[in-house]
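Notes follow the structure.
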Amino acid sequence: MRLTDLRPLLLATLLCCGPALATPFDDAQTALLRGQPDVGVRLLAGRRDAPSLALLARAYVDQAIFAPTDAQKRSLYARSEVAARAALAADARNAEAHVELANALALQLPGTGIIKATQVGHEIRALYEQAVTLDPAQARGWMGLGGWHAQALALGSLVALAVGASEQRMRDNHLRAIELEPDEVFYRLTYADDLLLLARAQPRRAEALKAEARSVLKAAARLIPQTYWQTFDLNQVRERLSILSR
């Protein structure tokens, strides 16, 4: 759950405005693409508009990737939630804010009780669904929905039935994200990880699901990274393929 490719927006900004008119928001986007979330957080400090707050929420999650302890990671996830909720308070129709809040809540779920996890799980799904309703081209929202279905399916058929999870919807949502941004490594990596999650939960289908995940990963490995995070994700893809080939 972290920064994905913002190149189209950055290109539009540069073409329309030029570097002389760059804002703290633009500079923060550039810093995040370079794998510098600390810089992004500093540039966005004090801003109160929804786009900046949503980007700040994402920057905190990016910071957590580099955090050395679980306690520090949890603190950053909590900050991400606060920033995302503030973004929604500023603009309830901001699709990015819905995605960032869903991501922050999902990252804080491990270790919670079943009752709270169920309640928060419903909120997470609703946030992703609202994101893609507000912006059908919101690829990260579709990816999040795919992950939600996968997580529910991994808990067993009874849970999946109770919450309305579906493997077909999981697949459709992931494929929609990939279709929207075919050059983004992270979407294929996440889809493969969810297939591997199902493989662990369904031993009888494990080999077929692993073979499918391997095919998705091989397609990701052929992509050419353009940002720090795409290179980061590509290394993860290669690690997964190495493990699956053993």
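Between the residues LEU109, GLN130, ALA90, the greatest Cα displacement towards the positive end of the dipole of the range 87-136, with unit charges on the Cβ of Lys, Arg, Asp and Glu, is found for LEU109.
Net charge in the neighbourhood of ASP27 (other residues with Cβ under 11 Å of its Cβ; Lys, Arg +1, Asp, Glu -1) is +1.
Size of the range 31-171: Rg and Dmax of its alpha carbons, in Å, are 15.3, 46. Only one residue of LEU158, ALA28, ALA71 has its Cα farthest out toward the positive end of the dipole of the chain, where Lys and Arg carry +1 and Asp and Glu -1 on Cβ, and that residue is LEU158. Count Lys and Arg as plus one, Asp and Glu as minus one, and take only other residues whose Cβ is under 10 Å from that of LEU223; the net charge is then -1. Working note: Karplus 6.51/-1.76/1.60 with θ = phi - 60° gives the range 47-58 the couplings 7, 10, 7, 4, x, 5, 5, 5, 5, 5, 4, 5 Hz, where Gly and Pro are set to x.
Put the Cα centre of the range 193-220 next to the Cα centre of the range 43-112 and the gap is 30 Å. The angle between the Cα long axis of helix 228-244 and the longest principal axis of the Cα atoms of the chain comes to about 10 degrees, rounded to the nearest 10.
By a 1.4 Å probe calculation restricted to protein chains, ARG176 has an accessible surface near 80 Å², given to the nearest 10. Alpha-carbon geometry of the chain: the Rg and the Dmax are 17.9, 59 Å, given in that order. Extension gain for the segment THR112 to GLU179, taken as residue separation times 0.36 nm less the Cα-Cα distance, is 20.7 nm to one decimal. 3J(HN,Hα) along the range 184-189, derived from phi through the Karplus expression 6.51 cos²θ - 1.76 cosθ + 1.60 where θ = phi - 60°, amounts to 8, 4, 4, 5, 6, 4 Hz, with x in place of Gly and Pro. Under a Cβ-Cβ cut-off of 11 Å, what is the net charge of the residues other than ASP91 that fall near it, where Lys and Arg count +1 and Asp and Glu count -1? Cβ neighbours under 11 Å give a net charge of 0. Based on C-alpha pairs under 8 angstrom that are at least 6 apart in sequence, the chain has a relative contact order of 14 percent. Dipole check for the range 93-165: with +1 at the C-beta of Lys and Arg, -1 at the C-beta of Asp and Glu, and the Cα centre as origin, the magnitude is about 140 Debye. Pairs of Cα atoms nearer than 8 Å and 6+ residues apart set the relative contact order; for the range 124-192 it is 33 percent.
Please state the charge dipole magnitude for the chain, taken about the Cα centre, from unit charges on C-beta atoms (+1 on K and R, -1 on D and E), reported in debye and rounded to the nearest 20. Could the numbers behind the result be given before it?
Details: 29 positive and 26 negative charges, 136 e Å.
The calculation lands at about 660 debye.
The values are calculated or read from the model by the stated rules, or taken from the named source; none is laboratory data. Computed from a predicted structure; not experimentally measured. With ideal geometry, Cβ positions are generated from the backbone for all residues, glycine too; neighbour counts draw on all protein chains shown. What goes into the accessible areas is simple: the full protein's heavy atoms, side chains included, and nothing from ligands, DNA or RNA. Shrake-Rupley method; radii C 1.70, N 1.55, O 1.52, S 1.80 Å.
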